[in-house]
1. Between A and C, which A residue has the Cβ nearest their rotation axis, distance in Å?
2. Check region A:18-123 and count each lysine pair with an alpha-carbon distance under 19 angstrom, considering only pairs eight or more places apart or from different chains.
3. Please give the peptides F:87-94, D:15-22 ranked by average Cβ packing (other Cβ atoms within 10 Å per residue), highest first, as a rough proxy for protection.
4. Between E:PRO18, E:MET52, E:VAL30, whose Cα lies farthest towards the positive end of the dipole of region E:18-76 when Lys and Arg beta carbons carry +1 and Asp and Glu beta carbons carry -1, centred on the Cα centre?
5. If we hang a label 7 Å off Cα along the beta carbon direction at F:ASN32, how far is it from the matching labels on the other copies, in nm, shortest first?
6. Given charges of +1 on the Cβ of Lys and Arg and -1 on the Cβ of Asp and Glu, with all other atoms neutral, how large is the dipole of the protein assembly as shown about its Cα centre, in debye to the nearest 20?
7. Please list 3J(HN,Hα) in residue order for region F:36-43, calculated via the Karplus relation 6.51 cos²θ - 1.76 cosθ + 1.60 where θ = phi - 60°; whole Hz, with x for glycine and proline.
8. How far, in nm to one decimal, is E:GLY136 from itself in the other copies if the label point is set 7 angstrom along Cα toward Cβ? Shortest first, please.
6 protein chains.
Amino acid sequence: MAKAAAKKVTTKKAKANPRNKKLYDEGMKVRNAVLGAAYVDNSMAGADDFMMSFQDITTEYCWGYAWTRPGLSKKTRSMLNLAMLAALNRGPELKLHINGALNNGLTKEEIKEIFIQVAIYCGIPASLDAFKTASGVFKERGV
Amino acid sequence: MAKAAAKKVTTKKAKANPRNKKLYDEGMKVRNAVLGAAYVDNSMAGADDFMMSFQDITTEYCWGYAWTRPGLSKKTRSMLNLAMLAALNRGPELKLHINGALNNGLTKEEIKEIFIQVAIYCGIPASLDAFKTASGVFKERGV
Amino acid sequence: MAKAAAKKVTTKKAKANPRNKKLYDEGMKVRNAVLGAAYVDNSMAGADDFMMSFQDITTEYCWGYAWTRPGLSKKTRSMLNLAMLAALNRGPELKLHINGALNNGLTKEEIKEIFIQVAIYCGIPASLDAFKTASGVFKERGV
Amino acid sequence: MAKAAAKKVTTKKAKANPRNKKLYDEGMKVRNAVLGAAYVDNSMAGADDFMMSFQDITTEYCWGYAWTRPGLSKKTRSMLNLAMLAALNRGPELKLHINGALNNGLTKEEIKEIFIQVAIYCGIPASLDAFKTASGVFKERGV
Amino acid sequence: MAKAAAKKVTTKKAKANPRNKKLYDEGMKVRNAVLGAAYVDNSMAGADDFMMSFQDITTEYCWGYAWTRPGLSKKTRSMLNLAMLAALNRGPELKLHINGALNNGLTKEEIKEIFIQVAIYCGIPASLDAFKTASGVFKERGV
Amino acid sequence: MAKAAAKKVTTKKAKANPRNKKLYDEGMKVRNAVLGAAYVDNSMAGADDFMMSFQDITTEYCWGYAWTRPGLSKKTRSMLNLAMLAALNRGPELKLHINGALNNGLTKEEIKEIFIQVAIYCGIPASLDAFKTASGVFKERGV
């Protein structure tokens, strides 16, 4: 039992291993701002070495390289993400980014319009899944 | 030869057959504004009965029902389309909507940022295809 | 608390907002016939303004515009849907339309053959998901 | 030059290598019936060892195992294929199977309806690609 | 109640119906080796006639035709499967083949690298789903 | 005319703008090794500012971050890429990486086996496209 406990601690101690500290730190800042620090902290705390390698690449490249670029507002990037994630059929990530979209100032009305546009270009089933996922998020957050 | 000519005329005479005249007319207006009347006229003129059934549904439903909605600007709908069409791997429609995006006021810089976001969320190959398609359009239009 | 209750009632009172009443009504009729009035009533009753915008577009365009067309039987449209939804990897909508397919007269044997065709053209994993989903529906309905 | 000629002959001599001779022969029969013997002969004659391994698996498994099954008519299998190939975004194979569909007795009207159904469930861009591909086939065959 | 019991027994008695006994038997052997006999026995025992038609095609073609080929090691085929199933967004089959990959000798490190490659070519959301699925399997097996 | 020439020169002078110089340089090295320096030089020389932003992200992130990792050999990464790109239906990038795979030591036999595995898991149309693309590359290179 002592061994198991020790093992758990080791698991929690997985450390980030950025290739580029500056990019990583900038990424972490915008990631916290969009997804919420509580969510991100939780993902990081629960990550063993295996999961941490995903945390590294997503923090450094997805957030540090792309989201920090000044060419589009965070709100616009959220809009694009809702459209892409609905098209790609990635439910759990779509849910995450509906939360991020609300944090970035999108209204329920705007999200509705995005998923109507999805109905036309990706088809009715893609739209249904997106509407249902958003509906669940709105209920959780009382929006 | 007279017969062939006659046949050609018949082909050109395929008529729109909207279920909802009002939506169809509103759709045609926004479609012309986004894609350019010359392009749309050409698509309509070349359509036989078979192709006209596609023209009908896209004008009425895609353009009349969705694009006319006031909840998002045409510029924002164009942005969403570039993201979705890159994700869906639909090259010819992507090309069409890069033209539409320029008509709706998107800059080359904004299109670049959209396709960087595509690289992260849809992968490098989706992004490469999108960059190349856009590059071709910019050359054609001298942008 | 009185306020919360009032809010709930408002939520339930979300009303359909068809662009074309005739298309919408025809759509609702065929939708009820294929998916079952109980299922549809339940979807409508649970819809707030946000979800109702999806109900509107699907009733009017998916059901009213496409399913009412005389060119293919409802049974054939169900067959196409099973093939498309398996290809598109849309599990919840596939489940819905396996129910619809049974309502439209497809036999278990025919559904089996459709998903064998899916195995060849969409791959073994698409086929496995479809077989499992159908198997669940058959159990629920005692088919 | 003699060497090059010899090489060419070797290339043409690639032989089918079925795992199940009976399935292979039944498959070849239905494949010829659906796609036309001229097309199939041409594919086989042009195949070197590399391409022949694809010819083997498609003849035996796709045509011999699936298309020969009595549970669905060849016409129905063609319908499913048009829907799946449009959903999967596989243009060249879609073109091939529009030809097959015409050989199996589908009318231009039925193909039109299939691709309207595609517009709703897979989105407008999938439908546009399918309509255009079919339109090209109709022109080639004078349908 | 006696009837229900009888029905259950009939359901369990669904029998494999291979087109090619040799291919089927070779397929079953490699399937057992990769996925584990316990898992396969369980799938077979639970299969009624409907599900058995999937078991037949997968055992005979997926396992008998492809996995038995000497041109690639089983370990390499597992690697390809992880990459394809992540790209195709087929979660349940991905989970199955992460188990198969471990049985075929892939290390946690190698699986990590495969899913980093997925992040680049299929996008961050595909990679996240794959990392999470693998993480769940590692926990179940105590890897 | 002098102006046009000047413009051309400007276009060619687009410069790489890496976020992480070390990763970028390492990435360029492995990219040259896999795709061939001639191909890469050509891509870089033809890139204006718009295309250069894609060159930057792919060199730094795809090649510098992922391909340089020691956990998998370049040959194995090529194998995974062929499987993923066939699954994702990305023809031009697939062609590029069939060339890369040959440069990394894959044999024609191994590529054949990869695309047989694709036939089973992604479906016959995905496999046909991959076989045809590879066949074209083999002809170009005289393999």
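1. Taking Cβ atoms only, the nearest residue and its distance are A:ASN89, 3.
2. 11
3. F:87-94, D:15-22
4. E:VAL30
5. For F:ASN32, the inter-copy label distances come out at 4.0, 5.4, 5.6, 5.6, 7.2 nm.
6. Using Cβ point charges on Lys, Arg, Asp and Glu, the protein assembly as shown gives about 20 debye.
7. 3J(HN,Hα) across region F:36-43, in whole Hz: x, 4, 4, 4, 5, 4, 4, 4.
8. 1.2, 1.2, 3.9, 4.0, 4.1
Values in this text are rule-based calculations from the coordinates and carry no lab data. Since the structure is predicted, the reported quantities are computational estimates derived from the model, not experimental observations. All Cβ positions, even for glycine, are placed from backbone atoms using ideal geometry, and neighbour counts span all protein chains on display.
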